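Written out below as structure tokens is the structure these notes cover.
The values are calculated or read from the model by the stated rules, or taken from the named source; none is laboratory data. Computed from a predicted model, the values in this text were never measured in an experiment. A quick note on method: Cβ atoms are made from the backbone with ideal geometry, for glycine too, and the neighbour counts reach across all protein chains shown. Protein only, heavy atoms only, side chains kept; ligands, DNA and RNA dropped before computing areas. Shrake-Rupley method; radii C 1.70, N 1.55, O 1.52, S 1.80 Å.
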Amino acid sequence: MKECPLCRACANDDVELCPNDSTRLESTIPGPTLLDGKYDLERRLGQGGMGVVYRARHLDLHRPVAIKIIASTREGFSDRFRIEAAALGRLEHPHIVDVMDFGVDDARGMAYLVMELLEGVTLAARCDASGPPERREAVDILQKVAAAVDFAHDHGILHRDLKPANVFLVRTNTGTAIKILDFGLAQFLSTSQPDAPAPSTAPQIPRTTASDETTILIDAREPAPAKDGRRDLLDLQRRDQGLLMGTVGYMAPELFRFEPATRASDIYAFGVLAYQLMTGSLPPVMRGGPHNITRPSDASPNVPRELDQPLMQLLGYAPGDRPRSARAAIDAIAAAERAATVREWRERERPRRTAAAAALGLITTLSAALWTSAPVARLERAAVDARFGLARPSPPNPSILLLAMDDASVDADAKPLGLRADEIGATLNRVFDAGARVVGVDLLLPRAWADFARRSPEPPPFAQLLIRHADRLTLAAFTTDTGTVLGPECVPGLVSQVLGAERTQRLFGFVNLDTDADGIARHARLHYSDTNGQLRPTWAARVALTSGTELQTDRDSGTVDYTVDPARFRRMSWRDVERVVTTSPEIFRDRIVLLGGEFAGSGDEHHPTPLRQTPDASVSGLMVQAIIVNTILDGFPVRESARWPFAVVTGIGAGILAWLVLMRRSRSRPVTLTTASITAHVAAALSVFLIARVLWPVAGPVISLLIAVGAAFVWRAKWGAPPAGE
């Protein structure tokens, strides 16, 4: 068989049979531009398989359309054109071109197909202009083509000429749509079985100047008798079993053996299309020989090895080796592409993202040094207070007895404190005589008490109190902001000489409180350092020490135990002390008696606390000192854990959570784990406190963890989310 002398592509030695003779075709158009009296042909758009495509306008509707015209006189061409119209008329799919009209002019041997006018380029033109699309875009195109192919198959129609030139990229307002063109070689599946066995030997494809993307038609049949009139479409397809039709590079091996076209033939063409989009080249054409196709990853360095198996399966030599549908094939390709994307992403991103997560973990660990900063400390104090508020109130030490100089006492005797030395001294002497173990006076006694004693002809009751019970008596001293010490001036000089300087000094304890920014004394000291660097006991520590309690030598301060219930301290108004010590002296036996002022205007009646048992969460200074004394007597039962173990654990947790944020596609999992970790830590901190009175840091770890996870999400936004499947 000779080459076509006109186009040198269709392999027809008779020019009259050439389907590419657009000059002859155009010469047969009736009138200068009109077709069938309905369409105004505006310009030629290009070759369309076995016809020529024109841009036209419907004269009545004034609507632009595309018209495909075929004018070959070769037997069967107009009938095959009629098949395309019948095929497309049955296919309404978003990725298949819409057919609007169809007509045949048998007198001139010309038929036309009216289709929607598409704006854009063919996939072949796009690849020629800018190369094959990116891998993800190629998969997206193939998914749409696969949907159209399967839709046609489900409606009993084979395309038989699937290739990039027949895939149109339509420009739309929302992006690019895909349309499958040219069903000129379409075949109905219901008649795909041949009437007679196919030739036993596969003909060799002629060596022509045609490329592997040129549509061919080779006749290997016995000549059929001519029929008059309109031939039956099914009869035409039965006779097509002996035709070699299609585009060389996209034809399945069995078609070269003149076996009937099947779904598998279209699947093979779909595989060639996929191979070409991924590698940028066609696989070797089957010329009846062995099926040796270069693996896609070897054909192009841009193709990952994961795509080899699904692409090679599409190009299986035997029809049964190929996927049963285009959807199954593209699903396998898409899964392989996702796996390749994930692998490549891991190889590229895992080192730096793991390093970033480790850095966040280390920074979180080191952030423990900032947990004492003002903002974090404020939140930590709130967390401590909440635990005290949730704890079950505990009873105070039963040996503590409070004597309150309250409003009732002031109302009963309005004398100022400077004139009550004899009264208070005498009453406290009787309290000691009743068996009190220790007495602590939380009142800054005025200098007038010492002056009054010097004017007395004999030692007054207060002086007697100091001389007789100096080792079991604790008086209040206070250091002002200027460093002035108030309180010791109440001791008469004569008494100081009798007691000596050291014993006189041991009479006093400092009532200064270490308060936080909100005024709450959450920590209690055992000692203060004076200007000479000498340790001076606090008032509460002095009371505990004189009561016989051994103070801990391994610590100088501790957390005040606010689980103690203030309402359960034994308390007595000062105005009742004289009467009770007379009638029931046993009440004072072996007691730690604390005397303080709670009257209005004393300046010591309201101190804020984390307690929830009081209406305004405040108590008197005497009550605060009593709670501190109780805390010291109990050996500081509330203990604070060291920060660094929690910093290390928080840093490890932050690193793990940051790694999940950076390395996993799901955002909900690290968020859920972060929430669960914080909740578990808070719950554990509360449980440990309620059971063992141990304070774990809460605000510091929580804030550090949230900052680390938040930073990981910021980096994730900057570097991009992991791919699907990660």
Residue within the stretch 525-537 that is open to solvent by 40 Å² or more (accessible area, probe 1.4 Å), on the phi > 0 side of the Ramachandran plot and more than 59 Å from the chain's Cα centre (by Cα) present: no
Failed criterion for Ala404 (all others in (1) over 19 Å from Ala626 (Cβ atoms); (2) surrounded by 18 or more Cβ atoms within 10 Å (Cβ to Cβ) hold): (1)
Among (1) assigned to a helix (DSSP H, G or I); (2) without any contact (Cβ under 8 Å) to a residue 12 or more places away in the chain - the single one Lys415 does not satisfy: (1)
Filter result (in contact with a Leu (Cβ under 9 Å, 6 or more places away or on another chain) and in contact (Cβ under 8 Å) with a residue 24 or more places away in the chain) within the stretch 532-549: Pro537, Thr538, Trp539, Ala540, Ala541, Arg542, Val543, Ala544, Thr546, Ser547, Thr549
Residues located in the stretch 288-333, provided they are open to solvent by 40 Å² or more (accessible area, probe 1.4 Å) and among the charged types (D, E, K, R): Arg295, Asp298, Arg305, Glu306, Asp321, Arg324, Arg327, Asp331
Matching entry among Val495, Val485, Val491 (being crowded, with 19+ Cβ neighbours inside 10 Å, more than 22 Å from Ser547 (Cβ to Cβ) and either in contact with a helix residue (DSSP H, G or I) (Cβ under 7 Å, 6 or more places away or on another chain) or of a type in the set (A, V, I, L, M, F, W, C) (or both)): Val495
Residue match in the stretch 563-572 (condition: open to solvent by less than 10 Å² (accessible area, probe 1.4 Å) and among the hydroxyl-bearing types (Ser, Thr, Tyr)): yes
One residue from Leu633, Leu594, Leu622, Leu657 being more than 24 Å from His469 (Cα to Cα), in contact (Cβ under 8 Å) with a residue 24 or more places away in the chain and not small (Gly, Ala, Ser): Leu657
Odd one out for Ala600, checked against (1) open to solvent by 60 Å² or more (accessible area, probe 1.4 Å); (2) in a strand (DSSP E or B): (2)
Only one of Val580, Val593 that is open to solvent by less than 40 Å² (accessible area, probe 1.4 Å) and farther than 24 Å from Phe636 by Cα: Val580
Enumerated helices (runs of 4 or more DSSP H) restricted to the stretch 260-330, each holding at least 3 residues that are more than 15 Å from Arg135 (Cα to Cα): 263-279, 308-314
Some residue of the stretch 345-358 being without any contact (Cβ under 8 Å) to a residue 24 or more places away in the chain, over 20 Å from Ile656 (Cα atoms) and in a helix (DSSP H, G or I): no
Residue within the stretch 617-628 that is out of contact with any Ser or Thr (no Cβ under 9 Å at 6 or more places or on another chain), under 19 Å from Val384 (Cα atoms) and open to solvent by 10 Å² or more (accessible area, probe 1.4 Å) present: no
Any chance Pro393 is in contact (Cβ under 8 Å) with a residue 60 or more places away in the chain and over 21 Å from Thr504 (Cβ atoms): yes
Residue satisfying all of: in the stretch 516-563; at pLDDT below 90 and of a type in the set (Asp, Glu); farthest from Ala374 (Cα to Cα) among these: Glu550
